[in-house]
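The next block holds one structure in the form of structure tokens; read it before the comments.
Derivation of every value follows stated rules applied to the coordinates shown; laboratory data play no part. Here the structure is a predicted model, which means the values were calculated and not measured. Ideal geometry is used to build each Cβ from the backbone, glycine not excepted, and the neighbour counts take in all protein chains shown.
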């Protein structure tokens, strides 16, 4: 398939519409299907790889794809798009090459999950990089964009989400001491308000990215993030309730968005 055809504005709008529709389907489906990785790992998903390798293989293609979209663009030296690019890559460089190295244990990731993740990540790179470097109106992201309310607010929201995501992953990572196999309720940080604070942080990141770029492409990514993570967060919340009973339910935690969902 010639993916360059999606960099034509009319085709790009179609891509966004299709991705939005698929996000709705994914949101509904994941209420009935367990994505079998992490806490919900199951052998039903078929062949598996080491979890660390799985994360690298799943997340790193978006780093490469976004870099290529930037490099071959006539806007690659435009300051505002380059900042967008850096913000986007900050998350994925951490997720691709730092996060996997910090994983403890010997968990596995299904190859089917890895392949589906790669597919989405490449399409998302096309959406975000396509908009920023090719489809957005010429001159839209001039230097004065740095002083707009949407850029300032969006960058602040992204930074808060990034910090929450990193801190929450660290809390989860250190729930057990070496040799301990018990399960624990994550506590501290945003876990005071939601049972999946790491997912809340990631969702907040991409809401911030959508705001700072003020783009439909960014909004579709935020919608996809919620569609993918919210059903999983709900299931984790219920699993904690079943496993820990009153100890957990007395905390009255929402799943992914504090006080709301």
Which angle between 0 and 90 degrees, to the nearest 10, do you get for helix 9-29 versus the longest principal axis of the chain when only C-alpha atoms count? 10
Would you mind computing, in nm to one decimal, how far apart the modelled labels at residue 13 and residue 103 are, each placed 7 Å from Cα along Cα→Cβ? 4.1
The simple spin-label model distance between residue 143 and residue 244, using points 7 Å out along Cα→Cβ, in nm, is 5.1
Assuming a viscosity of 0.890 mPa s and a temperature of 25 °C, what translational diffusion coefficient in µm² per second does Stokes-Einstein assign to the chain, Rh being the Kirkwood radius over Cα pairs? 127
Angle between the Cα long axis of helix 149-173 and the longest principal axis of the chain, 0 to 90 degrees, nearest 10? 30
Prolate/oblate/rounded call for the range 100-171, Cα gyration tensor, a/c under 1.5 rounded: oblate
Once you have a ≥ b ≥ c as the square roots of the Cα gyration tensor eigenvalues for the range 1-95, tell me rounded if a/c is under 1.5, and otherwise prolate or oblate according to whether a/b is larger than b/c. oblate
Which three extents, in angstrom, do the Cα atoms of the range 218-261 have along their principal axes, listed largest first? 39, 18, 8
In degrees from 0 to 90, rounded to the nearest 10, what is the angle of the helix 79-93 Cα long axis to the longest principal axis of the chain? 20
By what distance, in whole Å, do the Cα atoms of the range 144-224 stretch along each of the three principal axes, largest value first? 54, 23, 21
Fewest-first ordering of 206, 71 by Cβ atoms within 10 Å yields 71, 206
Divide by every residue of the chain the summed helix terms, -39500 (n - 2.57) for each DSSP H run of at least 4, and state the resulting mean residue ellipticity at 222 nm, rounded to the nearest 500 deg cm²/dmol. -20000 deg cm²/dmol
